[in-house]
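For reference, the structure discussed in these notes is given below.
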Amino acid sequence: MTATQSSSEAFEYKPVALNERITSDGSSPWPVEAGRYRLVVARACPWANRSVIVRRLLGLEPVLSMGLAGPLHDERSWRFHLDPDNRDPVLGIEYLGEAYRKADPGFDAGITVPAVVEIATGKVVTNGFQQLTLDFSTQWTAFHRDGAPDLYPVEHRAEIDEINQAVYEDVNIGVYKCGFTNSQDAYAQAYRALFARLDVLSERLEARRFLVGDTITEADIRLWVTLVRFDAVYHGHFKCNRQKLTEMPVLWAYARDLFQTPGFGDTIDFEQIKQHYYGVHTDINPTRVVPLGPDVRNWLTPHGREALGGRPFGDGTPPGPPPEGERVPAIS
């Protein structure tokens, strides 16, 4: 996605530019195939975090490798500054933009993560973040691990889609609308919509463990990636400051429940998240000083949500530990 300012000074997103799909039924030029593609993400980015979680829960690691861009980038795009020689070890590139321009030499739109790159050609196939995780669930089924959960169950898809759309507009990009607008009125409108939606979600989750049905679904993943970043960056950096997440009892317990579930908290690097938002958004934070807080040890405290019942993985099982090269620092 690409952030823009409209003539009304309200924050907007441009659509993604390389919106191909990787499918199993021949409906696109890109077939599902083990080892053909590399998922490029950044720990800092909530949109990328969604794809990391779904890949992990479904057990796609052996067939879809993952490249990690660092938290800092410049006008040339996300870069692999955490890797040896500052290059992705599989794609051999320093900047993700190189893979975009291999797909389209004249590419001048937003260079975003997540992006799926065909390894042999080095070309970005898709940065369609909205569809990507749904395709992991529906198109990559031949490669799901034994015990993989159903994150997009057919009987609940209409309800999941409805919740996802509301969460996307008011929460996922709602925090960005608050943070990037330069209009007081637009900020106030986004702020009110954000917290009104969080209040509705809190009421929904008061007596149920998960958003849809009694298992974790795509809806929980999409909400959670914003909640987990809320106090670290959105509350202060983006002026989403009616309350901290820790001051919203239901959502705070819900977020901790998922954080402590395999595949969620073990994808989060709070330092990289802060380094990105405070170090890259120089129009908001020109000093680039990164705050030392908040203390994140409270993410490991008991949440009590087990009392609501529910089966996090349904008839499936939790994923095993992440591969060695994909582990994040433990909270201590």
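Need the full-extension length gain, THR301 to ASP85, defined as separation in residues times 0.36 nm minus the C-alpha distance. One decimal, nm.
Numbers: separation 216, 0.36 × 216 = 77.76 nm, distance 3.91 nm.
Fully extending the segment from THR301 to ASP85 adds 73.9 nm.
Helix-only arithmetic for the chain: the sum of -39500 (n - 2.57) across DSSP H runs with n ≥ 4, divided by the residue total, places the mean residue ellipticity at 222 nm at -9500 deg cm²/dmol. Put simply, when 301-308, 172-179, 46-53, 31-38 are sorted by average Cβ atoms within 10 angstrom per residue, most first, you get 46-53, 172-179, 31-38, 301-308. Stokes-Einstein diffusion for segment 127-216, with the hydrodynamic radius set to the Kirkwood value over Cα pairs and evaluated at 10 °C in a medium of 1.306 mPa s, equals 105 µm²/s.
Under the Kirkwood approximation applied to all pairs of distinct alpha-carbon atoms, what is the hydrodynamic radius of the chain in Å? Can you show the working numbers first?
Details: mean 1/r = 0.0492 Å⁻¹.
About 20.3 Å, per the Kirkwood formula over Cα pairs.
Let me check against my output: what whole-number percent is the relative contact order of the chain, with C-alpha pairs under 8 Å and at least 6 apart? Computed value for the chain: 20 percent relative contact order. Computed extension length for GLN243-ASN19: 77.0 nm, one decimal, from 0.36 nm per residue of separation with the Cα-Cα distance subtracted. Comparing SER202, SER77, SER183 in a Gaussian network model of the chain (Cα springs below 10 Å), the most mobile by mean-square fluctuation is SER183.
Write down the percent of antiparallel bridges among all DSSP beta bridges whose residues are both part of the chain, to the nearest 5. Each step should come with its number before you reach the end.
Details: 15 of 22 bridges.
Here the share of antiparallel DSSP bridges comes out near 70 percent.
Just grab the label-to-label distance for GLU169 and THR287, each label 7 Å out from Cα along the Cβ direction, in nm (one decimal). In this crude spin-label approximation the distance works out to 3.8 nm. Simple spin-label estimate for VAL328 and ALA196 gives 3.2 nm between the two label positions (7 Å along the Cα-to-Cβ direction from each Cα). Protection proxy ranking of 268-281, 124-137, by the mean of other Cβ atoms within 10 Å over each peptide's residues and highest first, is 124-137, 268-281. On the beta carbon distance between ASP104 and VAL154, with R0 = 30 Å, the FRET formula returns roughly 0.30. If one computes the Cα centroid of segment 157-230 and of segment 106-129, what distance in Å separates the two points? For segment 157-230 versus segment 106-129, the Cα centre distance is 27 Å.
Take the Cβ atoms of ALA207 and ASP315, set R0 to 22 Å, and the FRET efficiency comes out at 0.40.
Evaluated at 20 °C with a viscosity of 1.002 mPa s, what Stokes-Einstein diffusion coefficient in µm²/s does segment 130-279 have when Rh comes from the Kirkwood expression over alpha-carbon pairs? Present the calculation step by step, with values, prior to reporting the outcome.
Working: Rh = 16.3 Å.
Using the Kirkwood radius from Cα pairs, D works out to 131 µm²/s.
Rolling a 1.4 Å probe over the protein heavy atoms gives segment 86-172 an accessible area of 42 Å² per residue.
What translational D, rounded to a whole number of µm²/s, comes out for segment 274-330 from Stokes-Einstein when the hydrodynamic radius is the Kirkwood one over Cα pairs, at 10 °C and 1.306 mPa s?
Values: Rh = 15.7 Å.
Rounded, D is 101 µm²/s.
The fraction of accessible area contributed by carbon and sulfur in the chain is 49 percent, rounded to a whole number (1.4 Å probe; ligands and nucleic acids excluded).
For the peptides 155-161, 97-103, 313-319, the ranking by mean Cβ contacts within 10 Å, running from highest to lowest, is 97-103, 313-319, 155-161.
The values are calculated or read from the model by the stated rules, or taken from the named source; none is laboratory data. Since this is a predicted model, take the numbers as computed values, not measurements. Ideal geometry is used to build each Cβ from the backbone, glycine not excepted, and the neighbour counts take in all protein chains shown. The area values use the complete protein model at the heavy-atom level, side chains included, leaving out ligands, DNA and RNA. Shrake-Rupley method; radii C 1.70, N 1.55, O 1.52, S 1.80 Å.
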